[in-house]
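Report on the following structure.
The values are calculated or read from the model by the stated rules, or taken from the named source; none is laboratory data. Since the model is a prediction, treat every value here as computed from it, not as a measurement. Don't worry about glycine lacking a Cβ; one is built from the backbone with ideal geometry, like all the others, and counts go over all protein chains shown.
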Amino acid sequence: MVQLVKKNKVAAHSRRREGGVWKEVKRNKAIYAMLTPYFLIFFTFTVLPVVLSLLVSFTNFNMLEFPKWVGWRNYAQLFVRDDVFLIALKNTLLFAAITGPISYIACFVLAWVINEFPPKLRAIATLVFYAPALSGSAYIVWTLLFSSDSYGYINAFLLKWHLILEPILWLKTPKYILPIIIIVQLWLSLGTSFLAFIAGLQSMDKTLHEAGAIDGIRNRWQELWFITLPSMKPMLLFGAVIQITASFAVAEVATALAGFPSVKYAGHTIVTHLMDYGSIRFEMGYASSIATVLFVMMLGSNLIVRKLLTKVGE
């Protein structure tokens, strides 16, 4: 009898919630109508492709024949037989572990420092630091710096000062390739998240600092931890998503500097491996399994970062 009463209460509560939701929808039907085109486009071009990619990852699909269900075979081959993928996985994890945190912290620290500048100087400094992310000739500069002949700037400098006897093949020697790619990616990393942090700092309520001073905030570090960071949690989360995506999805820098494929796959990443199977070999089932692994890695990293950001200011 008691269980029956509890079930009836739960059912009644559920009906009340559903009724409240429908009332809310009817009350704001104009807003939902305006949002509908966006949700349709988002579902069609984002959600649906992700779901289809997940399904295709369990098939053998070559773009010519109808997909054949193979179950977990693609994933087993990926982690057991594909030595190149394991190299790409190691490179990607190392790359993300270094560039992700460093670029994220650098974006915020520079934004925090630049925010203290006068308006005109702040605008110029923002443009200077953001310019590498806009420049299409960035790779040309670094290719000249690390050119393998004596005309490369670094080789020329080292030869002039007799630090080396012959030019170093920077972008053809496996032990140098990944560090160079990491350096270039860090140089290019002051992008969208940097601008988001600048905007967040500019839009902060100045009265919070006055209230903090009354409540016992005595220095800039306390102000940063207890006022600035908690007030910028949405921008911090947005910047984290952008930096995590950039660090895991590196491909353009690697292919521009080290070629495709790089020597002994020293600059190979998960995305370049995905490009190999998806856009060259057209093994779409296998390529989808690679994309799924990358998606899970990004999603897991975002969840961890989100949990860490909730502790900011505590």
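Taken over the stretch 84-119, residues that are closer than 30 Å to Trp221 by Cα and surrounded by fewer than 20 Cβ atoms within 10 Å (Cβ to Cβ) amount to 15.
Looking across Gly216, Gly212, one residue alone is without any contact (Cβ under 8 Å) to a residue 60 or more places away in the chain, exposed (fewer than 11 other Cβ atoms within 10 Å of the Cβ) and either more than 22 Å from Ser103 (Cα to Cα) or in contact with a strand residue (DSSP E or B) (Cβ under 7 Å, 6 or more places away or on another chain) (or both). It is Gly216.
Among the residues of the stretch 178-199, is any part of a loop (DSSP other than H, G, I, E, B) and over 24 Å from Ala246 (Cβ atoms)? Scanning the stretch 178-199, I find no residue that is part of a loop (DSSP other than H, G, I, E, B) and over 24 Å from Ala246 (Cβ atoms), so the answer is no.
A count restricted to the stretch 261-301 and to residues that are over 23 Å from Ile181 (Cβ atoms) and either in contact (Cβ under 8 Å) with a residue 12 or more places away in the chain or not in a helix (DSSP H, G or I) (or both) stands at 9. All of Leu201, Leu188 fail the test of being surrounded by 14 or more Cβ atoms within 10 Å (Cβ to Cβ), over 24 Å from Thr310 (Cβ atoms), under 25 Å from the mean Cα position of the chain (by Cα) and modelled with pLDDT of 80 or more, apart from Leu188. Candidates Tyr176, Tyr153: the one that is modelled with pLDDT of 85 or more and surrounded by 16 or more Cβ atoms within 10 Å (Cβ to Cβ) is Tyr176. Does the stretch 65-72 include one or more residues that are surrounded by 13 or more Cβ atoms within 10 Å (Cβ to Cβ) and within 23 Å of Gly300 (Cα to Cα)? There is no residue in the stretch 65-72 that is surrounded by 13 or more Cβ atoms within 10 Å (Cβ to Cβ) and within 23 Å of Gly300 (Cα to Cα).
Checking each residue in the stretch 54-94 for being touching a residue at least 12 places away in the same chain (Cβ under 8 Å) and among the small types (Gly, Ala, Ser) picks out Ser57, Gly71, Ala88.
Within the stretch 59-96, how many residues turn out to be under 11 Å from Tyr286 (Cβ atoms) and in contact with a Pro (Cβ under 9 Å, 6 or more places away or on another chain)? Result for the stretch 59-96: 3. Of all residue pairs spaced 6 or more apart or on separate chains, none has beta-carbon atoms under 8 Å together with a first member in the stretch 95-118 that is free of Cβ contacts under 8 Å to residues at least 24 places away in the same chain and a second member that is surrounded by fewer than 16 Cβ atoms within 10 Å (Cβ to Cβ) and outside any loop (DSSP other than H, G, I, E, B). Picking from residues in the stretch 112-142 that are farther than 14 Å from Leu201 by Cβ and among the hydroxyl-bearing types (Ser, Thr, Tyr), the one that is modelled with the lowest pLDDT is Ser137. Only one of the numbered conditions (1) touching a residue at least 12 places away in the same chain (Cβ under 8 Å); (2) part of a helix (DSSP H, G or I) is not met by Ile124, and that is (1).
Determine, yes or no, whether Ser289 is closer than 30 Å to Glu65 by Cα, in contact with a helix residue (DSSP H, G or I) (Cβ under 9 Å, 6 or more places away or on another chain) and surrounded by fewer than 20 Cβ atoms within 10 Å (Cβ to Cβ). No: the conditions fail for Ser289. Exactly one residue out of Leu201, Leu229 is in contact (Cβ under 8 Å) with a residue 24 or more places away in the chain and either out of contact with any Gly (no Cβ under 9 Å at 6 or more places or on another chain) or farther than 21 Å from Ala106 by Cβ (or both): that is Leu201.
Restricting attention to the stretch 148-177, which residues are assigned to a loop (DSSP other than H, G, I, E, B) and either among the acidic types (Asp, Glu) or in contact (Cβ under 8 Å) with a residue 24 or more places away in the chain (or both)? Hits for the stretch 148-177 are Ser148, Asp149, Glu166, Trp170, Leu171, Lys172, Thr173.
Residue by residue, here is whether (1) touching a Leu at 6+ places or on another chain (Cβ under 8 Å); (2) closer than 26 Å to Pro119 by Cβ holds:
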residue	(1), (2)
Gly239	no, yes
Gln243	no, no
Thr269	no, no
Tyr286	yes, no
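For the stretch 33-48, indicate whether the set of residues that are at pLDDT below 90 and small (Gly, Ala, Ser) is non-empty. So far as the stretch 33-48 goes, yes, one or more of its residues are at pLDDT below 90 and small (Gly, Ala, Ser).
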